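Worksheet: one structure, shown below.
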Amino acid sequence: MTAPVAPPLARSAGPVRSAARSAVLLLALVEFASGVLQGGFPILLPRLGDHLGLRAADLSLALGVEFLVSGVAVPLTSRLGDLYGHRRLLRATVLLTLLGSVVTALAPDLPVLLAGRALAGFLACWLPLEFAILRDRLGEERGGRAVGPLVGSLTVGSTLGALAVGGLGADPAATRPLLWALAVLPALALPVVWRLVPESRTRAAGRIDWAGTALLSLGLTLLLSALGASGVLPVAVTLPLLAAGAGLLVLFVRQELRTDTPTVDVRLLARRATAPVFALSFLLGCALYGAQGPTLAFQAADPAETGYGLGAVPLVLGLLVLPQTAAATLGALTAHRLAARHAPAAVLAAGFALCATGYGAIALGHAAPWQFVLGGALAGYGAGLGLSLLPALLMQRLPADQTGIGTGVYNTLKSLAGAAAGVVAAAVLDHLVLRAGTPAEGAYTLVWAGCALLCGLGVPVALALRARSWRAPDGGTAVQTSLGPVNPGPSGRGRPFSSVSPSGPGLVKSGEE
């Protein structure tokens, strides 16, 4: 009997996997640069606000617009990556992040700063595109394990970025030079993703739903702008803006359900295999990003002027952030080991419980630095568990050609949660005031208590994952029996494929680039 001949893909699997393993290291370096950007800029934000004459609510708004753009850009770039190559879109988003960093460094006022942070919002697109590259090159299991090093590198970079920027930013004159130093990081990442990172090979069939993208962008802009301006606009203007934004989002959902190529596959949000993961992503995003701006503003507040705050300079702000980011790094690196020994749902639930405890502790006591250190460490470790486990769990439940859009939806919800939480936090700081331009201490307490409540809601959602096996009864992955790229049938409603094989319907292999 003649031995069967291995297909070309199988013969080249060794070199391909070797190159993919080196891609993990390269992408980890890119995420390290991303972490320094994400950890360094918030430390500079209060000092930059002093230079530009901004209020605490303006600082939250600057972070909120970044998350708003992230929420729209992530699903669009993820879908484009599924269609045309994830490395190609990674290159584009690195370029846009570079441009946003330059505009931020040049910003003379709030509008230009908002424009710069809007462009910098494309930074959030890096991670889902990298996840898709690793899933494509390493496979589902190894790709899932590679999430930990990337998230760990991101959090290490965030920690070191906060410390370095805090230490070097003690002098107010160093603010602009440090902003330019941060702008160098995407410039350094650009040649890495341009030449060294491999391109994904799996391609999805279809096109871009530009109508859905427009409805999502405009609807979110109106909705979040109305929330953010609720402190200065009359109710007669705010309510119509809220209604118009909500109406456009309803039209967006209708559009996504009717098209065969949605920008955001809203059906994924309702599927039993993925809905809890998306819900947890949203809750975690609200807590993480909703508290960021207010916490920094509170810590930087001068108690002699406001009656509260720590009067922290940038170095102290960096030191106060260190326990939280270090704990998040530890959580990200230990998450999968804990999940291997215990039920993954229990580990996730414990992570959300720790987040709730941390924010609750800060809400109850915030008069001394050690209270922020303790509460931040608890919240950070819990967040690290969630940030590492959630995308890996999601990738196990997605078909191969929907990895980009699926992880894109995950990051979109996290970013939109951050945008909404940032805008709501800004509105709280604007409405509960001590005097004109100065929030009352109770406003900050309300923000931290709200974050604790949201994390607490995540505990039962995480435990609900126990009701669904991580593996299908036939031994295959759960995603193979419940998810799949939608293939339009004769009725136009579509049907799920039962396999996620790369050679399955709707997939096209591209050549190496």
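General remarks:
- Solvent accessible area, Å² - residue 61, 1.4 Å probe, full protein context: 50
- The accessible-area ordering, largest first, of the residues 153, 78 stands as 153, 78, per a 1.4 angstrom probe.
- The overall shape of the range 16-141, judged from the alpha-carbon gyration tensor, is prolate: a/c is not under 1.5, and a/b is greater than b/c.
- A 1.4 Å probe, protein heavy atoms only, puts the accessible area of residue 86 near 10 Å².
- Averaged over residues, the count of other Cβ atoms within 10 Å places the peptides 447-458, 306-317 in the sequence 447-458, 306-317, highest first.
- Each peptide in 165-173, 213-221 receives the mean, over its residues, of other Cβ atoms within 10 Å, and ordering these scores from highest gives 213-221, 165-173.
- Here the label points at residue 26 and residue 463, each 7 Å from Cα along the C-beta direction, are separated by 4.6 nm in the simple model.
- Under-5 Å amide H pairs with residue 433, H placed in peptide plane, nonlocal only: 440
- Label-point separation, residue 367 to residue 337 (7 Å along Cα→Cβ), nm: 4.0
- Peptides ranked, highest mean first, by Cβ atoms within 10 Å: ranges 34-45, 265-276: 34-45, 265-276
- Backbone phi angles across the range 239-246, fed through the Karplus curve with coefficients 6.51, -1.76 and 1.60 (θ = phi - 60°), yield HN-Hα couplings of 4, x, 5, 4, 5, 5, x, 5 Hz in residue order; Gly and Pro are listed as x.
- Cβ-Cβ FRET estimate between residue 237 and residue 52, R0 fixed at 22 Å, reported to 0.05: 0.30
The values are calculated or read from the model by the stated rules, or taken from the named source; none is laboratory data. Just so it is clear, the structure is predicted and the values come from calculations on it, not from any experiment. When we count neighbours, we look across all protein chains shown, and the Cβ atoms used for this are built from the backbone with ideal geometry, even at glycine. Note: accessible area is taken over every heavy atom of the protein model, side chains too, but ligands, DNA and RNA are not part of it. Shrake-Rupley method; radii C 1.70, N 1.55, O 1.52, S 1.80 Å.
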